[in-house]
Amino acid sequence: MYTPSSQLLKLVKISKNKIEIPKLIKIEIPAMSATITPPLGPLLGQYGLNTMEFCKEFNEETKFIEKDTIVPVFLFLFKDKTYYFSLGTPGVAYFIRKVIESNEITKSPTGYYFIKKNVFLKFVYNIALAKLLLLNNKPVPTLFLKNYIYSIIGTARSFGIKIVI
């Protein structure tokens, strides 16, 4: 996982000449839908965290994201039961589904589900820009963007989506 150097200082606590490295928990939570009910409540409760406080903070942080969008969360837990969390971006599959906005799903003979749809290359470019800008918050090198676009095209092909220029 990539964390900017400014955030690394928040993750390491130094006390009495000891460096405390936090425990990392990766979870996926729907935006604006964190509640203390299972599965999130018991997961955080086993580490002794205040689940209600986490849910309020998470819902506040994700209020700008469309409701029920699955958001990856990287939760760093310290021994003194404090925590720090950072939000990731939804997966490429989520963005591809948003672009096609269709229920044209068919089942192949091997048992996999495929979406038969055409997507324009400009949408793939916009997905790549959105993902990379949200991850880095800075300009993206052209070569890296090109490789990321190829990766997204591969994901779309695995869904049975044809990319059209």
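In this structure, Lys98 does not satisfy being loosely packed, with under 14 Cβ neighbours inside 10 Å, outside any helix (DSSP H, G or I) and of a type outside the set (Ser, Thr, Tyr). If I filter segment 139-165 down to residues being in a strand (DSSP E or B) and among the hydrophobic types (A, V, I, L, M, F, W, C), which single residue comes out as surrounded by the fewest Cβ atoms within 10 Å (Cβ to Cβ)? Once the filter is applied, the top-ranked residue is Val164.
Residues that are at pLDDT below 85 number at least 2 in the following strands (runs of 3 or more DSSP E) confined to segment 5-80: 13-15, 18-20. Residue pairs whose Cβ atoms lie under 9 Å apart, sitting 6 or more positions apart in sequence or on different chains, and linking a residue in segment 143-165 that is among the charged types (D, E, K, R) to a partner that is assigned to a strand (DSSP E or B), are Arg157/Ile163; Lys162/Lys117; Lys162/Asn118; Lys162/Val119.
Considering segment 81-93, and only residues there that are touching a residue at least 12 places away in the same chain (Cβ under 8 Å) and farther than 18 Å from Leu133 by Cα, the residue that is surrounded by the fewest Cβ atoms within 10 Å (Cβ to Cβ) turns out to be Lys81. Being at pLDDT below 85 and loosely packed, with under 15 Cβ neighbours inside 10 Å is true of Asn136.
The values are calculated or read from the model by the stated rules, or taken from the named source; none is laboratory data. Every value quoted in this text rests on a predicted model; they were computed, and no experiment measured them. For neighbour counting, all protein chains shown are included, and Cβ atoms are generated from backbone atoms with ideal geometry for every residue, glycine included.
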